[in-house]
Amino acid sequence: MDSLNPFAKQVWSVLVAEYPEWTEYSTASEEGDLEVAVPAPSGSNAGHLVVFTVKGRNLWLRFSPPNMCYPADDEMEMLKIVRLLQMEEILFAVTLQGDEWAGTTILKKGELPQLEPDQ
């Protein structure tokens, strides 16, 4: 992980301090960005929980299915989202307009998204 850019190193250090077992799932891109792809538990449709940086300044979380991607403001929000996803207190909600992606958000368990007509 020596080739990570400074932002990715900071994200990685915060993440592995909380989840040291995730070190084996961590990789660095040629550009020095981080990707940590943790396999979902057996029976889950999520595929992987992925935490990644982009261009040394953006932090994202996603699941494997299409359009399940959400930005985190900082490392503390990232950890909060990861914890709440693991406890199944929040979930990703993908909104479609017909067959086209219209947005992705995070909702509390049992909460319904606000939809526009035809979504």
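Here are some notes:
- Residue that is nearest to THR53 (Cα to Cα) [pool: residues in the stretch 24-38 that are surrounded by 16 or more Cβ atoms within 10 Å (Cβ to Cβ) and among the hydroxyl-bearing types (Ser, Thr, Tyr)]: SER26
- Subset of the stretch 70-88 [closer than 18 Å to ASN45 by Cβ and either touching an Asp or Glu at 6+ places or on another chain (Cβ under 6 Å) or surrounded by fewer than 15 Cβ atoms within 10 Å (Cβ to Cβ) (or both)]: GLN86, MET87, GLU88
- VAL16 vs. criteria part of a helix (DSSP H, G or I) and touching a Phe, Trp or Tyr at 6+ places or on another chain (Cβ under 8 Å): yes
- Test: residue in the stretch 64-85 that is in contact with a helix residue (DSSP H, G or I) (Cβ under 8 Å, 6 or more places away or on another chain), more than 19 Å from GLY110 (Cβ to Cβ) and of a type outside the set (A, V, I, L, M): yes
- Residue in the stretch 43-57 that is of a type in the set (D, E, K, R) and in contact with a strand residue (DSSP E or B) (Cβ under 8 Å, 6 or more places away or on another chain) present: no
- Residue count, the stretch 41-55 (criterion: of a type in the set (S, T, N, Q) and either assigned to a strand (DSSP E or B) or surrounded by 18 or more Cβ atoms within 10 Å (Cβ to Cβ) (or both)): 1
- The set of residues in the stretch 1-18 that are of a type outside the set (Val, Ile, Thr), surrounded by 17 or more Cβ atoms within 10 Å (Cβ to Cβ) and under 13 Å from GLU75 (Cβ atoms) comprises PHE7, ALA8, LYS9, TRP12, LEU15.
Readers should treat all values here as calculations from the given coordinates under stated rules, not as data from a laboratory. These numbers were taken from a predicted model, which means no experiment stands behind them. Cβ coordinates were reconstructed from backbone atoms using ideal geometry, including for glycine residues, and neighbour counts include every protein chain displayed.
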